[in-house]
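**Q** Structure provided below as structure tokens; questions to follow.
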């Protein structure tokens, strides 16, 4: 509570004023008392008023820079305070909590705020001094000390001791009443002291939080799905590489076997040649040894000087000489074996090794938009064409008339291949696709139909889908959420091609063949 006495005294020493000084909050103290108090309590060049606890900046020149009561009385510019909100009207009161000088009109607006109902507003004398005896609310100025503790973030960014009271909707900032009156006058606002306003703000945050949590779950599911798909791709690539290594080893083993067969053929021919030459060489060796033996015997006879032995030996030697003269050796044709290497044909090797088969699933997504006004009974409406793996795909929709088996009018939706005369290199594959009618209001209410078939089915039937996707009444009902504000509805296609077999002759080549896809 503010002091209320018949005789003004210093609130620090409780004695008559000695050289009274008036600080910014308009409270007065003895010069020495104020100087001693500031010396003991100031931090970072600031101190709190001993009475109202307002934050006061310590003047650079010391306490002498604060005005004295005599100066306030003599200085005509300080005798009257202008309203801090209007700026051109004389203030008649001052709010201690907002630290604002207010005129009667601004005081009336101030008092309407729920958060300002417990503020202390004092009237001003003609000399501009606060009248402590005319407090409008008999409450303790330290309001924050009695209620629930205030979160540190709930204080005004410009006045660290003041709670936030107003949220400026134009600037999206929460401030105290003083800052709102100074910087946001005329802006739309929310009174943060009202419980229903605070609950409404919390409710909006909770709603957005729930929405974002759902989106987080979707992102996590999508990430898990992508991670799973990536793992499958990596596993398929690993398996394909292992198959390449196995096939290379098989090819190398086969080539090695063929090389061994060629070497064996060479060795067989070599053995046959060896046998022919070995037999001839053996015969020559035998004859040579026989002649060498006879020659040695003839030499010994000649050394004995016996003419009789010479005569006896001479016919035998003559016969051997005749045999040597008449003997002829049939030298076989010489066969020199060699291996003639051929040039390595990489094309042949590539064909023998094999081609990369894109057996990993191929997927694409696209959305086709239709307008309700496009549809006439039993007429097909085609969407835009999406080319995927050289094949032109599109979605068609139509409004089916009721018959004996189908009572209400139905929406049918088909995935189709368009005849363009352009041929793809795909020979065959499995087609896995889903058609989703998107709900603009609630994604969980979107309708999905799924099917799997072969590419041949599309070639024969030109389309594959569902002739009873949903009733026409549900589709066209705005409350159902399938139509946007322009009466459009969207069909999302998720298309996968699996077990793809390609024509290697058309690898990366587009050939035009009349009457084919």
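**Q** Using only C-alpha positions, report the orientation-averaged shadow area of the convex hull of region 241-325, nm², one decimal.
**A** 8.7
**Q** In nanometres, what is the gap between the two model label sites at residue 364 and residue 296, each 7 Å from Cα along Cα-to-Cβ?
**A** Computed distance between label sites residue 364 and residue 296 equals 9.8 nm.
**Q** Suppose R0 equals 45 Å. What FRET efficiency, 1/(1 + (r/R0)^6) with r the Cβ-Cβ distance, do residue 231 and residue 352 give to the nearest 0.05?
**A** 0.90
**Q** Taking one equal scatterer on every alpha-carbon of region 199-353, how large is log10 of I(q)/I(0) by Debye at q = 0.13, 0.17 1/Å?
**A** -0.92, -1.11
**Q** Can I ask one more? By average Cβ neighbour count within 10 Å, what is the ranking of 435-447, 338-350, 257-269 from highest down? Provide the component values of the computation, followed by the final result.
**A** Details: 435-447: 15.6, 338-350: 7.5, 257-269: 10.8.
Result, highest mean Cβ count within 10 Å first: 435-447, 257-269, 338-350.
**Q** Test of understanding: ordering 353, 455 by Cβ neighbours within 10 Å, fewest first, what list do you get? Before the final figure, lay out the partial values.
**A** On the way: 353 12, 455 22.
Least crowded to most crowded, the residues run 353, 455.
**Q** Relative to the present Cα-Cα distance, how much length would full extension add between residue 258 and residue 245 at 0.36 nm per residue of separation?
**A** 2.7 nm
**Q** Compare the peptides 368-376, 91-99 by average per-residue count of other Cβ atoms within 10 angstrom and give them in order, highest first.
**A** Details: 368-376: 15.0, 91-99: 22.3.
Result, highest mean first: 91-99, 368-376.
**Q** Could you compute the FRET efficiency for residue 325 and residue 269, with r as their C-beta to C-beta distance and R0 at 45 Å, rounded to 0.05?
**A** E between residue 325 and residue 269, to the nearest 0.05, is 0.80.
**Q** Round to the nearest 0.05 the FRET efficiency obtained for residue 182 and residue 484 when R0 = 51 Å and r is the Cβ-Cβ distance.
**A** Values: r = 46 Å, r/R0 = 0.90.
Between residue 182 and residue 484 the formula returns 0.65.
**Q** Would you mind ranking 105, 224, 28, 434 so that the residue whose beta carbon has the fewest other beta carbons within 10 Å leads the list?
**A** Least to most surrounded, the residues fall as 224, 105, 434, 28.
**Q** If neighbour count is taken as other Cβ atoms inside 10 Å, put 119, 151, 247 in order from fewest to most.
**A** 151, 247, 119
**Q** Ok, one more. I'd like the projected area of region 323-398, averaged over all directions, using the convex hull of its alpha carbons. Report it in nm² with one decimal.
**A** Directional mean of the projected Cα hull area for region 323-398 stands at 12.9 nm².
**Q** If only Cα atoms are counted, what is the Rg of region 275-326, and what is its Dmax, in Å?
**A** My reading of the Cα-based Rg and Dmax gives 14.1, 46 Å.
Laboratory data are not the source of any read-out in this text; all were calculated from the coordinates shown. Everything numeric in this text was worked out from a predicted model, so none of it was measured. Quick reminder, even Gly has a Cβ in these numbers, built from the backbone with ideal geometry, and neighbours come from all protein chains shown.
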